[in-house]
Amino acid sequence: MKALVKKHAGPGLCLEDVPMPSMGHNDVLIKVEMTAICGTDLHIEQWDDWAARTIQPPLVIGHEFVGHIVDKGVEVTDYTIGQRVSAEGHITCGVCRNCRAGTPHLCPNTIGIGVNRDGAFAEYISMPARNLWPVPDPIPSELAAFFDPFGNAAHCALEFDVVGEDVLITGAGPIGIIAAGICRHIGARNIIITDLNDYRLQLAADMGATRTINIGRESLKQVLQDMGITGIDVGLEMSGNPQAFNDMLDVMYHGGKVALLGLLPSDTTINWDNVIFKGLDLKGIYGRKMFETWYKMTQMLLTGFPLQKVLTHVIDIDDYEQGFALMKSGQCGKVVCRWGS
Ligand code: NAD
Ligand code: ZN
């Protein structure tokens, strides 16, 4: 089968033939219809420090996908051949304290598809049946292909109560854009989002952000003052940029809550006075809650959440290089690759 492979340590990817994935008794084999490009795939393509530390080539990359079940192991009873599914890409151990407590998103033994084992940039992928998420018919495949980052946004945006609150999102990447839409969908008051990229800020505005700020041109503090906002109630850090995180902490209201999704460098420093004297709640967010986040995002989609607004490009897999170049340029929302029939 055809797959997008990180063959050797170092930059680059190859679209080439690889063996079909093997399948256990509790697994299903999925014929992949579409795979979306994530920032993580870009890190792997570029071979940055994180990738060099984490990835063991050869590896089929990719973790955001939708497809149809074409085969299933003898123990799999709940799914049918032909069924359309996406899947949670974090494969948890099932036996640790958190898995057994019903909080597997906190499993310390998580294995990620497309990172720690072969992934979804392939014509076929094998997945444990318990990781599957059936896709209801009204949801188009090009949206179901990126349930994974939709779930990151939903997990983060739903962590704290934002109804009627003033929310600041730092970073209008695909996840920040979707989070802005979710905050709007569920009834936040002001949804302010920052970035340096006007194209993405426009997507965030289309999604429902009430005020966009290009921090290259405008001061966050000044904008809040002009809007009559004394402090932000809920912060969603989605840039992974230390300056953005510090700017957010500076403008939080006393007793405010901050959910941290962006991957900050380990040497990030902050002014702890902001956290301590303002009594802030800081919460790290990883992945998606299994499967409560999946439930929430599916129901939001079925009740009019405009996820399609962040989807800017659907391309053929043979044009993957163009897709990765788009992601690098930042002149895109989500980019989805279509596999041939
Ligand atoms: P992305 O890199 O596409 O988006 C980040 C955005 O932040 C970019 O648009 C960039 O221009 C903007 N930015 C950079 N500096 C900024 C600043 N000083 N102020 C405001 N904006 C700034 O990433 P994404 O795919 O949208 O993901 C968002 C973040 O979440 C990334 O850091 C990603 O690594 C991380 N992530 C975390 C998880 C998790 O489970 N915790 C999962 C997926 C992604
Ligand atoms: Zn576990």
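Throughout, read-outs are computed from the coordinates displayed, never taken from laboratory work. From a predicted model like this one, the values you see are computed outputs, not experimental measurements. All Cβ positions, glycine included, derive from the backbone under ideal geometry; neighbour counts span all protein chains shown.
Over 23 Å between Cα atoms, which of 257/334; 7/289; 2/72; 283/328; 2/31; 31/72 qualify? The partial results should precede the final answer.
Values: 257/334 28 Å; 7/289 32 Å; 2/72 21 Å; 283/328 29 Å; 2/31 11 Å; 31/72 12 Å.
From the list (257/334; 7/289; 2/72; 283/328; 2/31; 31/72), the Cα-Cα distance tops 23 Å for 257/334; 7/289; 283/328.
The string of couplings for the stretch 139-146 from the Karplus curve (6.51, -1.76, 1.60, θ = phi - 60°) is 8, x, 4, 5, 8, 4, 5, 10 Hz, one whole number per residue in order, with x for Gly and Pro.
How much net charge surrounds residue 65 when only the other residues with a Cβ under 10 Å from the Cβ of residue 65 are counted, with Lys and Arg +1 and Asp and Glu -1? Can you show the working numbers first?
Details: positive: none; negative: 33, 64, 148.
Once positives and negatives cancel, what remains is -3.
What relative contact order, as a whole-number percentage, does the chain give when Cα pairs under 8 Å and 6 or more residues apart are counted? List each step's numbers first, then the result.
Details: 749 pairs, mean separation 58.9, N = 341.
So the answer I get is 17 percent.
Rounded to the nearest 5, what is the percent of antiparallel bridges among the DSSP beta bridges in the chain? For the chain, the DSSP antiparallel bridge percentage is about 55.
Our summary gives the stretch 156-284 a relative contact order of 24 percent, counting only alpha carbon pairs under 8 angstrom and 6 or more residues apart. Residues in the stretch 66-80 carry Karplus couplings, in order, of 9, x, 10, 5, 10, 7, 8, x, 5, 8, 8, 10, 8, 10, 10 Hz; the curve used is 6.51 cos²θ - 1.76 cosθ + 1.60 with θ = phi - 60°, and Gly or Pro positions show x.
Each residue of the stretch 241-256 is assigned a 3J(HN,Hα), and the resulting list reads 9, x, 5, 4, 5, 5, 4, 5, 4, 4, 9, 6, 6, 4, x, x Hz, derived from the Karplus form 6.51 cos²θ - 1.76 cosθ + 1.60 (θ = phi - 60°), x at Gly and Pro. Close amide H contacts of residue 315 (hydrogens built in the peptide plane, cut-off under 5 Å, sequence separation of 5 or more or a different chain): 336, 337, 338.
Tally Lys/Arg at +1 and Asp/Glu at -1 over every other residue whose Cβ is under 15 Å from the Cβ of residue 309; what's the total?
On the way: positive: 184, 200, 334; negative: 142, 206.
That works out to +1.
Note on the chain: helix-only mean residue ellipticity at 222 nm, from DSSP H runs of 4+ residues weighted -39500 (n - 2.57) and normalised by residue number, equals -8000 deg cm²/dmol.
Charge tally around residue 171: other residues with Cβ under 13 Å, Lys/Arg +1 each, Asp/Glu -1 each, net -2.
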